[in-house]
Amino acid sequence: MPSTFAENKAVQFAQPTQLPETEEQRQAWLQANKHWWETNPMRYDWLAKIPHPEFTREFYQEIDSRFFANTHEYLPATKIPFDALIDFDALPHQKVLEIGVGNGSHAQLLATYAKDFTGIDLTDYGVKSTSKRIEIFGLKNARILQMNAEDLKFEDASFDFVWSWGVIHHSANTRQILKEIHRVLKPGGVFKAMVYYRSFWSYYTYAVLLGIFKGYFFKGDSLHESAQRMTDGAIARSYSQREWRQELEDGGLQCQEIRIMGLKCAILPLPGSRLKYAILDKVPNRVSRFMTNNLRMGSFIVSSATKPS
């Protein structure tokens, strides 16, 4: 776990699903979030650095190799990564929007099959990196734009499918993003997302152990503050299943399905280290998947929702 996980957090974010109370607070959280992801882009390089020059074909292939290997732990693919969640047969007829492109693993995956792909990111880094990836891999149907998802610059009913993986819970105002997604989706359009799950195991157990053994409780941290220290982003909301279903409905979206998933590392409540991952390598994926997904020890809520016709 990078030391920066415990730094540069948004101030006054005091509850797991808290929304900003004023416009001033929203702007402060927005800037804190942008700064965090500009300086800590998701590259899956916590234990080993990417051994290739940044923004090269090999750089992106290495990121994808690590990311999709992680994904296989809890969401094994039949032919294409994420084909258990994404209807790749439908994509050639669809206009697709991704919210939060990062280094572009999902952007390339979606753009390869979609009729038309638009990816947005709050950060300069995400736009630069994913734009370079799109150029390198020759995806002519894709455009990457810098944009705040709380204020989407698209006309109503512009997209058939909206995708966001591990992004919108980090925003200044997640609820506003859901309202914007509802607005830009076509009637009958689909929104699929992953946000963080506030479970007994992946949230409370980890937060308590970290608070005790790292001494955060003795420094005056609350349980929530201890949990934030172990999580990426300046803000990291985490929801119960009921809370997330209600958020979708409050945004005008009709929840179709909620599933719990999670990385294998979630089953062992120890800080990230080579020792931890050496132990986890001995655990078969089918065993860890049963624990994270079936026993709901994972830290992801994966949801599917539609805009009512």
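Please report the spacing between the Cα centers of segment 23-89 and segment 228-256 in Å, no decimals.
Comparing the Cα centres of segment 23-89 and segment 228-256, I get a distance of 19 Å.
Not counting ligands, DNA or RNA, and with a 1.4 Å probe, what is residue 105's accessible surface area in Å² rounded to the nearest 10?
Surface open to solvent at residue 105 totals about 10 Å².
What value in Å³ per residue do you get for the convex hull of the alpha-carbon atoms in segment 90-216?
134 Å³
Can you give me the % of accessible surface on the chain that is carbon or sulfur? Probe 1.4 Å, all protein chains present, nothing else counted.
Ligands and nucleic acids excluded, carbon and sulfur give 52 percent.
At a Cα cut-off below 28 Å, give the lysines reachable from residue 307, other chains included and same-chain residues fewer than 8 away excluded.
95, 115, 153, 179, 186, 192
Considering every Cα-Cα pair within the chain, what fraction, in whole percent, is farther apart than 35 Å?
Result for the distance tail: 15 percent.
Note down the relative contact order for segment 159-242 as a percent, whole number, built from C-alpha pairs under 8 angstrom at least six residues apart.
Averaging sequence separation for qualifying contacts and normalising by length gives 35 percent for segment 159-242.
Multiply the residue separation of residue 200 and residue 294 by 0.36 nm, subtract the distance between their alpha-carbon atoms, and state the gained length in nm to one decimal.
32.4 nm
How big is the dipole moment of segment 43-173 about its Cα centre under a simple scheme where the beta carbon of each Lys and Arg is +1, that of each Asp and Glu is -1, and everything else is neutral? Debye, nearest 20, please.
With Lys and Arg at +1 and Asp and Glu at -1, about 400 debye.
For a distance above 15 Å, tell me the whole-number percent of Cα pairs in segment 162-218 that qualify.
So the portion of pairs separated by more than 15 Å is 63 percent.
Please report the net charge: other residues with Cβ closer than 15 Å to the Cβ of residue 288, K and R +1, D and E -1.
Local charge sum for residue 288: +4.
Along its principal axes, what span do the Cα atoms of segment 210-305 show, with the longest given first and each in whole Å?
43, 39, 20
Indicate the gyration tensor shape class of segment 24-78 (rounded, prolate or oblate), computed on the Cα atoms with a ≥ b ≥ c the square roots of the eigenvalues: a/c under 1.5 is rounded; otherwise a/b larger than b/c is prolate and the rest oblate.
Oblate, since a/c reaches 1.5 and b/c is not below a/b.
Can you give the helix-only mean residue ellipticity at 222 nm for the chain, where every DSSP H stretch with n ≥ 4 adds -39500 (n - 2.57) and the sum goes over all residues, rounded to the nearest 500 deg cm²/dmol?
Helix-only estimate at 222 nm: -10000 deg cm²/dmol.
What order, most packed first, do the peptides 259-266, 283-290, 147-154 have when packing is the mean number of other Cβ atoms within 10 Å of each residue?
Going from most to least packed, we get 259-266, 147-154, 283-290.
Could you compute the FRET efficiency for residue 275 and residue 83, with r as their C-beta to C-beta distance and R0 at 41 Å, rounded to 0.05?
Efficiency for this residue pair is about 0.75.
Which order do peptides 74-84, 292-302 fall in by mean Cβ count within 10 Å, highest first?
Packing proxy ranking, top to bottom: 292-302, 74-84.
Among 238, 147, 172, whose Cα projects farthest towards the positive end of the dipole of the chain, with charges put on the beta-carbon of Lys, Arg (+1) and Asp, Glu (-1)?
238
The values are calculated or read from the model by the stated rules, or taken from the named source; none is laboratory data. From a predicted model like this one, the values you see are computed outputs, not experimental measurements. Virtual Cβ from ideal backbone geometry, glycine too; neighbours counted across all protein chains shown. Calculation scope for accessible area: heavy atoms of the full protein, side chains included, ligands and nucleic acids excluded. Shrake-Rupley method; radii C 1.70, N 1.55, O 1.52, S 1.80 Å.
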